[in-house]
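The values are calculated or read from the model by the stated rules, or taken from the named source; none is laboratory data. Owing to the predicted nature of the structure, the values given are computational and were not obtained by experimental measurement. Using ideal geometry, Cβ is built from the backbone for each residue, glycine included, and neighbour counts are taken over all protein chains shown. Remember, those area values only see protein heavy atoms, side chains included, never the ligands or the DNA or RNA. Shrake-Rupley method; radii C 1.70, N 1.55, O 1.52, S 1.80 Å.
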Amino acid sequence: RDDYDRLLETQMERLQTDHVDMYLIHAVNKDRWEIMQKTGFESFLDAAKADGRITYAGFSFHDDLDLFKKIVDSYPWNHCQIQYNYMDENYQAGKSGLAYAASRGVPAVIMEPLRGGRLVGLLPQSAKDIIAGENVGTAARLALRWLWNQPEVMCVLSGMNSLEMVRENAKTAEESPVGCLTVQELDVIERVRNEIAAR
C-alpha cells in the first residue's frame, strides 16, 4: 500500500507540482487488477483525493469487457481510458465498455484513436483511394470525427508529430459535435473498414 504514495510523490516531484488533476492507475489488466485489490488502491485514492494530491481518479485499461465492467463497478471513478477506434469497436472494453462506463457515470478518455497511426499512414492504398475520392477530409479527420460523433466520448488523445497535426486535430474536435457524421462519412468509414479487414 505504501508504494502507491511513494510513486505518487515521485511522479509529482518529476512533474514539479503538488497535485495531479487527472490521475490514472495505468494499464490495468487481470494481473494488475489482482494486485490492486490486494494492495488497497481504494484507500490510496480516497486519501490522495482527500488531501488534494489527486483531483480526479481514473484507470486506463487493457483487457476484456467482463473485467472492465468489474473495475468500473469497484470504485467511484471519475474517468477511465480505453483503446477505441473504428477498427477496435469490439476490442478490449470496446463500444460495449464505453456504453457501460457512461451508464455508470464514468466519462471515457480515448487512447489509440488512430490505432498508432495505422488508420492514417499505414492504410492500404485502396482505403486511401476511397477517402481521397469522397472529399471527406483526411484519414485522421475521418477517424477522429467517428469518435467525436459518440456522446459517451469525453476526450480523445491523439499522437501528434507536428504543429500542423495539432492544429488539424484541434480544428476537427471543434467542428465535430455529437452526431456530426454524415451518411456519406459513415459509408466511407464502413468501406475503409472493409478494405482494412480484407487485408
Selection count, region 121-136, where residues are more than 15 Å from Ala197 (Cα to Cα), open to solvent by 40 Å² or more (accessible area, probe 1.4 Å) and outside any helix (DSSP H, G or I): 2
Scan of region 43-62 for residues that are open to solvent by 60 Å² or more (accessible area, probe 1.4 Å), over 21 Å from Ala108 (Cβ atoms) and of a type in the set (D, E, K, R), ordered by number: Asp46, Asp51
Selected residue [in contact (Cβ under 8 Å) with a residue 60 or more places away in the chain, open to solvent by 40 Å² or more (accessible area, probe 1.4 Å) and either in contact with a Gly (Cβ under 6 Å, 6 or more places away or on another chain) or assigned to a loop (DSSP other than H, G, I, E, B) (or both)] from Met154, Met87: Met87
Output for region 137-148, where each listed residue is crowded, with 18+ Cβ neighbours inside 10 Å, free of Cβ contacts under 8 Å to residues at least 60 places away in the same chain and not aliphatic (A, V, I, L, M): Arg141, Arg145, Trp148
Qualifying residue in region 63-72 (condition: of a type in the set (Val, Ile, Thr), within 20 Å of Pro151 (Cα to Cα) and surrounded by 14 or more Cβ atoms within 10 Å (Cβ to Cβ)): yes
Tabulated pairs, region 104-119, first farther than 21 Å from Val192 by Cβ, second of a type in the set (Phe, Trp, Tyr), C-beta under 7 angstrom, 6+ apart or interchain: Val106/Trp77
